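A.B. asks: Have a look at the structure that comes next, please.
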Amino acid sequence: TFVPIASNGVETSGTDWITGGGGKLPWAKTETLGATIKFSFDGTILAIEHGLLSASAMYEIYIDGKIQGVGNPYYGGRPLTDLPQPVMGFSTFTLPEGHHKAEIKTIKSTDENSIGNHVFLYNIITGRPVR
């Protein structure tokens, strides 16, 4: 299931996020450290696409209140653009079966060459393996 980043089931922190796009490439972007996106899903899979750029912050992924990983969209060869190149930024395929609450939270980049705090997120993918 693709969860559109700007859908009714996705809660963003205040005015920290700007959303746009559509079809297969919805997006949300922020420059605010500590900005969050919260949503719920059913299944064992969660994947997040982010945009590569040189002015990036990072983001932490929490599932059911526990940190599951960190997304790092920093790419030194990619200047800040209106729509950075989307790539798979985070994925897990081994969550326990059931209903989950997820949170994405932006954090400062650990890369000393990053020149900003931008985070571009594209699709959120959830579900179960096809059998």
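A.B. asks: Which of THR19, THR32, THR94 ends up with the largest GNM mean-square fluctuation for the chain, with Cα atoms connected below 10 Å?
C.D. replies: Fluctuation is largest for THR94.
A.B. asks: Using label points projected 7 Å from each Cα along Cα→Cβ, tell me how many nm separate LEU83 and VAL130, to one decimal.
C.D. replies: 2.6
A.B. asks: Can you give the Rg/Rh ratio of the range 69-131, where Rg is from the C-alpha atoms and Rh is the Kirkwood radius?
C.D. replies: Rounded to two decimals, Rg/Rh equals 1.02.
A.B. asks: Moving to a separate point now. Which is the longest part of the chain that has none of the GluC sites (Glu not before Pro) sitting in a DSSP loop with at most 13 other Cβ atoms within 10 Å? Before the final figure, lay out each step's value.
C.D. replies: Values: sites that count: GLU97, GLU112.
No qualifying site falls inside 1-96, the longest such stretch.
A.B. asks: Sticking with this structure for a sec: Could you give the length gained on full extension between ASP42 and SER13, defined as 0.36 nm per residue of separation minus the Cα-Cα distance, in nm? It would help to have the intermediate numbers written out before the result.
C.D. replies: On the way: separation 29, 0.36 × 29 = 10.44 nm, distance 2.22 nm.
Here the segment from ASP42 to SER13 would lengthen by 8.2 nm.
A.B. asks: If you don't mind, there's one more thing I want to ask. Return the sequence-ordered ³J(HN,Hα) values of the range 122-127 in whole Hz as given by the Karplus equation 6.51 cos²θ - 1.76 cosθ + 1.60 applied to θ = phi - 60°, using x for Gly and Pro.
C.D. replies: For the range 122-127, the Karplus curve yields 10, 7, 10, 10, 10, x Hz.
A.B. asks: With viscosity set to 0.890 mPa s at 25 °C, what whole-number translational diffusion coefficient in µm²/s follows for the chain from Stokes-Einstein and a Kirkwood radius over Cα pairs? Intermediate results must be reported in sequence, preceding the final value.
C.D. replies: Values: Rh = 14.7 Å.
Translational diffusion coefficient: 167 µm²/s.
A.B. asks: Looking at the range 18-98, which trypsin sites (Lys or Arg not before Pro) are in a loop (DSSP not H, G, I, E or B) and have at most 12 other Cβ atoms within 10 Å? Can you show the working numbers first?
C.D. replies: On the way: sites: LYS24, LYS29, LYS38, LYS66; in loops: LYS24.
Answer by residue number: LYS24.
A.B. asks: What does the accessible area per residue of the chain come to in Å², with a 1.4 Å probe and no ligands, DNA or RNA counted? Walk me through the numbers before you get to the answer.
C.D. replies: Numbers: 6870 Å² over 131 residues.
On a per-residue basis, the chain sits at 52 Å².
A.B. asks: Counting only protein heavy atoms and using a 1.4 Å probe, what share of the accessible area of the chain belongs to carbon plus sulfur, as a whole percent?
C.D. replies: Values: 3510 of 6870 Å².
Percent of accessible area from carbon and sulfur atoms in the chain: 51.
The values are calculated or read from the model by the stated rules, or taken from the named source; none is laboratory data. Every value quoted in this text rests on a predicted model; they were computed, and no experiment measured them. So basically every Cβ, Gly included, is an ideal-geometry build from the backbone, and we count neighbours across all protein chains shown. Protein only, heavy atoms only, side chains kept; ligands, DNA and RNA dropped before computing areas. Shrake-Rupley method; radii C 1.70, N 1.55, O 1.52, S 1.80 Å.
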